[in-house]
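The structure under discussion appears below in the form of structure tokens.
Throughout, read-outs are computed from the coordinates displayed, never taken from laboratory work. Here the structure is a predicted model, which means the values were calculated and not measured. Cβ: placed from backbone, ideal geometry, glycine included. Neighbour counts: every protein chain shown.
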């Protein structure tokens, strides 16, 4: 294995071990590897210049507790996620027939799935494809490693009778790990299958139901998500996140009265919650009640000015109320905070389209697509672009 690792990556892995030992974490995770990239002058350094190493070191120290019993030698273990990104790096090296994996392959591997690093890069306006295009000198899209979904069958009540308690617990843990990995890599259909198998073993398992809900939401299959989130809320009525998801699902289904009731109840419990206030404003936007939405977005910004979404939402509401100049300024503020906010690019494109600036509209719609608007929010941008092409 060692002869298949380039010198710069070997140094990166060595530094990640030193960091984990110094911080007494007891393991090396993918983010230890990322901070090690930031600490070295390696091949990936050219792609990480916008990242603040000190901020990342502080983040990791906060994320993981100190383990006084942790090892301090070569036996320091890799987490499952760290092992996976290194294994995936070998697949990324094969794209250009490279014999050794290097720090760029490792960075691309980390950016291939949903995690704190890939989210941070997206906010900087940098996607996997931006780096892979420069490195490989051709278009290479992100892809998942070989995460074969566990080939299990749905268990009947009779079949469960023959499973010991220990065997059942082991299967549940294994299936949860598989389902979570599939979710993070965007393999939603396989994830749903695994969750359904898991629920045949443990019918009310909260983790399977939560992952299943998230898979349906990300697939934009809100009709399938609704009964699952309803069951979660019935079993865990105090979980505010589940209720917030239910409001979002109902909004997307056009069940505005149901969504409004949920959001209003959440705000009664936590009137200063920035997410809930933004959700309330968005619920009003969906109903084209722009003036009513404005105070909620303003209050959200007052509470959390670093949250990108209310700036964009407020900008769109201002545009609809006739102040397009302020609207654009507010949307641009949102994009300063999150350069990968595809919804903001869509809204900005609509403002330009309404002003008759088709070139600027197309530019922003194209950016919305680049940052995965369709996958996240549906076909609206594609429809707007098709309309523009039809009109000439």
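A few notes on this one:
- Ascending count of other beta-carbon atoms within 10 Å, so fewest first, for 116, 336: 336, 116
- Here the mean projected area of the convex hull built on the C-alpha positions of segment 2-136 is 7.7 nm².
- Cβ-based exposure ranking for 3, 94, in which fewest neighbours within 10 Å come first: 3, 94
- Convex hull volume of the C-alpha atoms in the chain, normalised per residue: 180 Å³.
- Most mobile of 120, 58, 87 in a GNM of the chain (Cα contacts under 10 Å): 58
- Ratio of the Cα radius of gyration of segment 185-269 to 2.2 N^0.38 Å, where N counts its residues: 1.09
- Length-normalised contact order for segment 2-136 - Cα pairs under 8 Å, 6+ apart - percent: 30 percent
- Cβ crowding within 10 Å, taken as a proxy for footprinting-reagent exposure, orders 131, 139 from fewest neighbours to most as 139, 131.
- Taking each DSSP H run with n ≥ 4 as -39500 (n - 2.57) and averaging over every residue of the chain yields -21000 deg cm²/dmol at 222 nm.
- Top of 248, 135, 345 by mean-square fluctuation, Gaussian network on the chain, Cα under 10 Å: 135
- Of the peptides 381-391, 20-30, the order by per-residue mean of other Cβ atoms within 10 Å, starting with the highest, comes out as 20-30, 381-391.
- Among 67, 275, 190: highest mean-square fluctuation, GNM of the chain, C-alpha pairs under 10 Å: 67
- For segment 233-392, the equivalent ellipsoid derived from the Cα gyration tensor has semi-axes of 29, 17, 14 Å, listed largest first.
- Our summary gives the chain a relative contact order of 9 percent, counting only alpha carbon pairs under 8 angstrom and 6 or more residues apart.
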